[in-house]
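Structure first, commentary second.
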Amino acid sequence: VSVLYWRMRKFKDARESDGEIDSKGAFVCGAASGVIAKLLDFPLDTIKTRMQLQGAHKNVATCATHIWSSEGILGFYAGIPAPLVACALCTAVGFSGFNTGVKVYDEVCGNVPNGEFIPERVAAGGFTAGIAKAVVTTPFELVKCRVQAQPLRWRGVAHCAKDSM
């Protein structure tokens with residue numbers, strides 16, 4: 001999150017008058033990055049989860065081949081709705097949390113010249129983002145793992161979420 005925040009500072013339309021990123025810009029950029037990341041990494045996450053829980057596959061290739069032949073491309077994305085929403089929300093909350101942590105640091109320690117890298121400032125942002133993300137992520141991760149592990153047991157993500165409560 002910290003690296004993405006500093007990269008995002010270059011977007012002029014997401015800045016407040018003092019040059020800092022506004023909360024809305026941080027939230028939107030975080031959500032977009034979360035969706036893209038989840039779409040790219042979910043197939044590997046599904047393979048990992050199946051290998052851990054089923055233990056029937058010797059390596060990644062055999063597990064991927066089994067999923068492809070028995071379930072098709074959609075098998076790699078079994079259970080994605082919950083983590084897709086969660087990742088978008090989590091990353092958006094992370095970006096906003098980081099932004100908030102940096103602003104609190106600036107209020108407590110005095111404003112920092114725009115663009116100056118101060119490790120304590122980044123740590124304050126990262127700490128705030130980490131707490132916010134942990135609170136948001138946990139329920140979604142539970143549903144994701146259950147659907148990935150037993151895709152045929154659930155009628156969908158909503159069924160799994162309801163049953164998990």
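At a glance:
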quantity: Percent carbon-and-sulfur accessible area, the range 44-117, ignoring ligands, DNA and RNA, probe 1.4 Å; calculated: 65
quantity: Projected area averaged over orientations for the chain, convex hull of C-alpha atoms, nm²; calculated: 11.4
quantity: Dipole magnitude of the range 51-133, debye to nearest 20 (Cβ charges: Lys/Arg +1, Asp/Glu -1, about Cα centre); calculated: 260
quantity: Accessible surface, the chain, averaged per residue in Å² (probe 1.4 Å); calculated: 57
quantity: Exceeding the 25 Å Cα-Cα cut-off - candidates K24/K144; K58/K133; K38/K103; K38/K162; calculated: K24/K144; K58/K133; K38/K103
quantity: Kyte-Doolittle mean at least 0.0, axial Cα span of 24 Å or more - DSSP H helices of the chain; calculated: 23-54, 81-109, 119-149
quantity: Gain on full stretching of the segment that runs from V135 to T62 - 0.36 nm per residue minus C-alpha separation; calculated: 22.7 nm
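The values are calculated or read from the model by the stated rules, or taken from the named source; none is laboratory data. Because the structure is predicted, anything quoted here is derived from the model rather than measured. Note that we place each Cβ from the backbone using ideal geometry, even for glycine, and neighbour counts take in every protein chain shown. Please note that ligands, DNA and RNA were not included when accessible areas were found on the heavy atoms of the full protein model with its side chains. Shrake-Rupley method; radii C 1.70, N 1.55, O 1.52, S 1.80 Å.
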